[in-house]
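The structure appears below as structure tokens.
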Amino acid sequence: MALPTLTPEQRAEALAKAAEARKARSELLASIKSGKQSIDKVLLKAKEDKTIGKTKVTQLLKAVPGLGAVKVAALLEQAGIDPDRRAAGLGERQREALIDALK
């Protein structure tokens, strides 16, 4: 299926929207890294907040101080979560298992 052709104005609008989303995601990850927001509260807000919901769980966990790629992969496997899963796509049990594993 071919991509639709966009007018220059539509293209500029889409690029601006994407840049805004990247900036919001970057600020979210920085606030987790700095400790301003805890990962458990962020995961609980994933259904209402589009920025959190569209962020991959792997990215959110890697932003937690002390968690690297290996620990994150082990946590996701232990909780039965696909590494490509986005935060809004987590089920209640998966979210609770992840929060419990982080305590």
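The values are calculated or read from the model by the stated rules, or taken from the named source; none is laboratory data. Nothing here was measured: the structure is a model prediction, and the numbers come from that model. Heads up, the Cβs are rebuilt from the backbone with ideal geometry, glycines too, and the neighbour counts pull from every protein chain shown. For accessibility, only protein heavy atoms count, side chains too; no ligands or nucleic acids. Shrake-Rupley method; radii C 1.70, N 1.55, O 1.52, S 1.80 Å.
Taking only pairs six or more apart or across chains, which ones have beta-carbon atoms under 6 Å, a first residue in the range 16-30 that is of a type in the set (Gly, Ala, Ser), and a second residue that is part of a helix (DSSP H, G or I) and open to solvent by less than 60 Å² (accessible area, probe 1.4 Å)?
That search, which allows pairs on different chains as well, returns 24/51.
Do we have residue 53 as farther than 22 Å from residue 83 by Cα and in contact (Cβ under 8 Å) with a residue 12 or more places away in the chain here? Show your work before the answer.
Numbers: farther than 22 Å from residue 83 by Cα: no; in contact (Cβ under 8 Å) with a residue 12 or more places away in the chain: yes.
No, not satisfied.
Can you pull out the residues in the range 41-50 that are closer than 18 Å to residue 22 by Cα and surrounded by 20 or more Cβ atoms within 10 Å (Cβ to Cβ)?
If the condition is that a residue be closer than 18 Å to residue 22 by Cα and surrounded by 20 or more Cβ atoms within 10 Å (Cβ to Cβ), then 42, 46 are the ones that fit.
Among the residues of the range 28-40, which ones are under 22 Å from residue 89 (Cβ atoms), charged (D, E, K, R) and over 13 Å from the mean Cα position of the chain (by Cα)? Please lay out each step first, then the result.
Within the range 28-40, the first condition is being under 22 Å from residue 89 (Cβ atoms), and the residues that meet it are 28-29, 31-32, 37-40.
Narrowing the set further to residues that are charged (D, E, K, R) leaves 40.
The answer is none; no residue qualifies.
Restricting to the range 3-40, give me the number of residues that are assigned to a loop (DSSP other than H, G, I, E, B) and open to solvent by 90 Å² or more (accessible area, probe 1.4 Å). Before the answer, list the steps.
Taking the range 3-40 first, the residues assigned to a loop (DSSP other than H, G, I, E, B) are 3-7, 35-38.
Those still in the list that are open to solvent by 90 Å² or more (accessible area, probe 1.4 Å) too: 3-6, 36.
Here the count works out to 5.
Among the residues of the range 41-54, count how many are in contact with a helix residue (DSSP H, G or I) (Cβ under 7 Å, 6 or more places away or on another chain), of a type outside the set (A, V, I, L, M, F, W, C) and part of a helix (DSSP H, G or I).
Here the count works out to 2.
Do we have residue 88 as in contact with a Gly (Cβ under 7 Å, 6 or more places away or on another chain), open to solvent by less than 60 Å² (accessible area, probe 1.4 Å) and assigned to a helix (DSSP H, G or I) here?
On the way: in contact with a Gly (Cβ under 7 Å, 6 or more places away or on another chain): yes; open to solvent by less than 60 Å² (accessible area, probe 1.4 Å): yes; assigned to a helix (DSSP H, G or I): yes.
In short, yes.
Which is aliphatic (A, V, I, L, M) and farther than 21 Å from residue 84 by Cβ, of 24, 16?
Values: 24 fails: farther than 21 Å from residue 84 by Cβ.
So the residue among 24, 16 that is aliphatic (A, V, I, L, M) and farther than 21 Å from residue 84 by Cβ is 16.
Output the qualifying pairs, or none if there are none: Cβ atoms under 8 angstrom, residues six or more apart or on different chains, first residue in the range 75-103 and at positive phi, second residue assigned to a helix (DSSP H, G or I).
Every condition considered, the pairs that remain are 80/94; 80/97.
If I go through the range 68-85 residue by residue, how many of them are surrounded by 17 or more Cβ atoms within 10 Å (Cβ to Cβ) and not in a helix (DSSP H, G or I)? It would help to see each step written out before you state the result.
Initial filter on the range 68-85 (surrounded by 17 or more Cβ atoms within 10 Å (Cβ to Cβ)): 72, 75-76, 79, 81.
With the extra rule that they be not in a helix (DSSP H, G or I), the set shrinks to 81.
Of the residues in that region, 1 qualify.
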